[in-house]
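Undergrad: Quick one: the structure is below, questions incoming.
The values are calculated or read from the model by the stated rules, or taken from the named source; none is laboratory data. Here the structure is a predicted model, which means the values were calculated and not measured. Virtual Cβ from ideal backbone geometry, glycine too; neighbours counted across all protein chains shown.
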Amino acid sequence: MSALLQADEASALLAAAIRGELPDARGRFGPFGGRYVPETLVPAFERLEAGVREHLHDASFQAEFRKELHEWVGRPTALTYAPRLSESWGADVWLKREDLAHTGAHKINNAIGQAILAKRLGAKRVIAETGAGQHGVASAAACARVGLPCSVYMGAVDMQRQAPNVDRMLRLGAEVVAVESGDKTLRAAIDEALRTWVTDPEGIYYLLGSAVGAHPYPYLVRELQSVIGEEARQQMIDLAGGLPDVAFACVGGGSNAIGLFYPLLGDDIELIGVEAGGTGNGLGQNAATLATGTPGVLQGSYTIILQDDDGQVQETHSISAGLDYSGVGPEHALLQATGRVKYISATDDEALEALEELCASEGILTALETSHAFAAAKEYAKKHPGKRILIGNSGRGDKDMPTLTQYPARTRSHAGA
Ligand SMILES: *Cc1c(COP(=O)(O)O)cnc(C)c1O
């Protein structure tokens, strides 16, 4: 992918990224990002962009956001040393515990930030899309917290697969709208949410769940999620005796990864994003977008996507619903093209194995998404002994129990042997 940029272009763009100058005024991260939307959506995006410019870095918005992060989300989340994992891997392993955030993952940082913004923009109600339901739950909770009605658009197929999350959203006071069109999963849900947004761009706020889509979402979500890396950076200095040599995060749309990486871009730290390698390298067997994809436009953004030779977006597979996405945020596309961040993948089996190891050795049931980062970190530790490793522990795995019970627990079986 580095062929996408000349070497001097790449280093100039990386320097601009580190100085905090990206995206540019057109919402571009070098060649990536921007806003490729139908004419009907332009006024809604322009209104949102103006609102973000006015409020996001305003002192009173920031004060309310930080207060909610502290009192309601439970931040700062802990930085946890992993002694048994460190010993077994021959490394010094530290975990940034987003699993301890309210509702069990990093998604709440973005949801509460955008819910506060919606209120300040005078929205009467919020809409959101969801695939597996995790962003729907975070949005429902955040909207309840700020007192705005929330409608979550969810594909009819996903509603069946993720019934417990539908119930959680309803109990948190949201309406769940079944989307029967298209593929009846996440992509159709996003299209339906956008169609609804254009009917009333002043009354409706669209709360998008990852660092993807048209400008200003990739920027807005990065700014709200950067609290992860800001805290982790300081905590490493205070508790671990210094910055890590390397940091890992899993990448679906890329919001927890950009939240961890962005504040570390200017440091001498190797950064590695881990995508879903699924069951193999074949078409439709994985969601390793950056590792195997090509440039194209998906949902309003020019980025790297999984598509066939005719530009048809490919189906993806991952054991973790949160990584099962055929695109990725445009800032990651740039960070890969500049060489600053390396993107690799871990398979379903490797993720499952890592989940079990972390669970049994540190007493932390991590999410299947996050387990991909652990699997990659373990491989890295084998090749580079003695490194100080930071892992973004994006969420907890309680939601994955229905999937996990399909696999025998290795740890339990040898305890009885
Ligand atoms: C949704 C989710 C992800 C993937 O989303 P990103 O936007 O790539 O962060 C990762 N981990 C957990 C626990 C999630 O719920």
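Undergrad: Go through segment 249-305 and give me each residue that's among the hydroxyl-bearing types (Ser, Thr, Tyr), within 15 Å of the ligand (Cβ to nearest atom) and outside any strand (DSSP E or B).
TA: Residues satisfying the conditions are SER255, TYR262, THR289.
Undergrad: Pull up segment 153-197, narrow it to residues that are buried (at least 21 other Cβ atoms within 10 Å of the Cβ) and among the acidic types (Asp, Glu), then point me to the one that is farthest from ILE127 (Cα to Cα).
TA: If we take residues in segment 153-197 being buried (at least 21 other Cβ atoms within 10 Å of the Cβ) and among the acidic types (Asp, Glu), then ASP158 is farthest from ILE127 (Cα to Cα).
Undergrad: Can you tell which of GLU356, GLU369, GLU331 is assigned to a helix (DSSP H, G or I), more than 17 Å from the chain's Cα centre (by Cα) and closer than 23 Å to ALA257 by Cα?
TA: Of the residues listed, the single one that is assigned to a helix (DSSP H, G or I), more than 17 Å from the chain's Cα centre (by Cα) and closer than 23 Å to ALA257 by Cα is GLU356.
Undergrad: OK, next. Could you figure out which of (1) over 18 Å from the mean Cα position of the chain (by Cα); (2) among the aliphatic types (A, V, I, L, M); (3) closer than 22 Å to LEU13 by Cα isn't true of ALA257?
TA: Among (1) over 18 Å from the mean Cα position of the chain (by Cα); (2) among the aliphatic types (A, V, I, L, M); (3) closer than 22 Å to LEU13 by Cα, the lone unmet condition for ALA257 is (1).
Undergrad: Shifting gears a bit: So which residues in segment 210-228 are among the small types (Gly, Ala, Ser) and either within 13 Å of the chain's Cα centre (by Cα) or not assigned by TED's automatic domain parsing to the domain that holds ARG53 (or both), if there are any at all?
TA: The answer is SER210, ALA211, GLY213, SER226.
Undergrad: Would you check if SER88 is over 28 Å from GLY133 (Cβ atoms), touching a residue at least 12 places away in the same chain (Cβ under 8 Å), part of a helix (DSSP H, G or I) and among the hydroxyl-bearing types (Ser, Thr, Tyr)?
TA: In short, yes.
Undergrad: Turning to a different aspect of this structure: Taking the residues in segment 372-393 that are in a helix (DSSP H, G or I) and either within 13 Å of the ligand (Cβ to nearest atom) or among the polar types (S, T, N, Q) (or both) as candidates, determine which candidate is surrounded by the most Cβ atoms within 10 Å (Cβ to Cβ).
TA: The qualifying residue surrounded by the most Cβ atoms within 10 Å (Cβ to Cβ) is HIS372.
Undergrad: Out of contact with any Cys (no Cβ under 9 Å at 6 or more places or on another chain), under 24 Å from VAL246 (Cβ atoms) and not aromatic (Phe, Trp, Tyr), is that true of LYS399?
TA: Answer is no for this residue.
Undergrad: Answer with yes or no whether GLY322 is touching a Cys at 6+ places or on another chain (Cβ under 9 Å), in the same structural domain as GLY392 (by TED's automatic domain parsing) and either closer than 30 Å to GLU39 by Cβ or touching a residue at least 12 places away in the same chain (Cβ under 8 Å) (or both).
TA: Yes; evaluated as a whole, the condition is true for this residue.
Undergrad: If I filter segment 258-316 down to residues being more than 20 Å from GLY131 (Cα to Cα) and of a type in the set (D, E, K, R), which single residue comes out as surrounded by the most Cβ atoms within 10 Å (Cβ to Cβ)?
TA: Among residues in segment 258-316 that are more than 20 Å from GLY131 (Cα to Cα) and of a type in the set (D, E, K, R), the one surrounded by the most Cβ atoms within 10 Å (Cβ to Cβ) is GLU270.
Undergrad: Okay, moving on. Can you find, within segment 87-105, the residue that is farthest from the chain's Cα centre (by Cα) among those that are buried (at least 23 other Cβ atoms within 10 Å of the Cβ) and within 9 Å of the ligand (Cβ to nearest atom)?
TA: Applying the filter and picking the extreme gives ASP99.
Undergrad: I'm told ILE108 meets every condition in (1) within 15 Å of the ligand (Cβ to nearest atom); (2) part of a loop (DSSP other than H, G, I, E, B); (3) of a type in the set (A, V, I, L, M, F, W, C) except one. Can you identify the failing condition by its number?
TA: (2)
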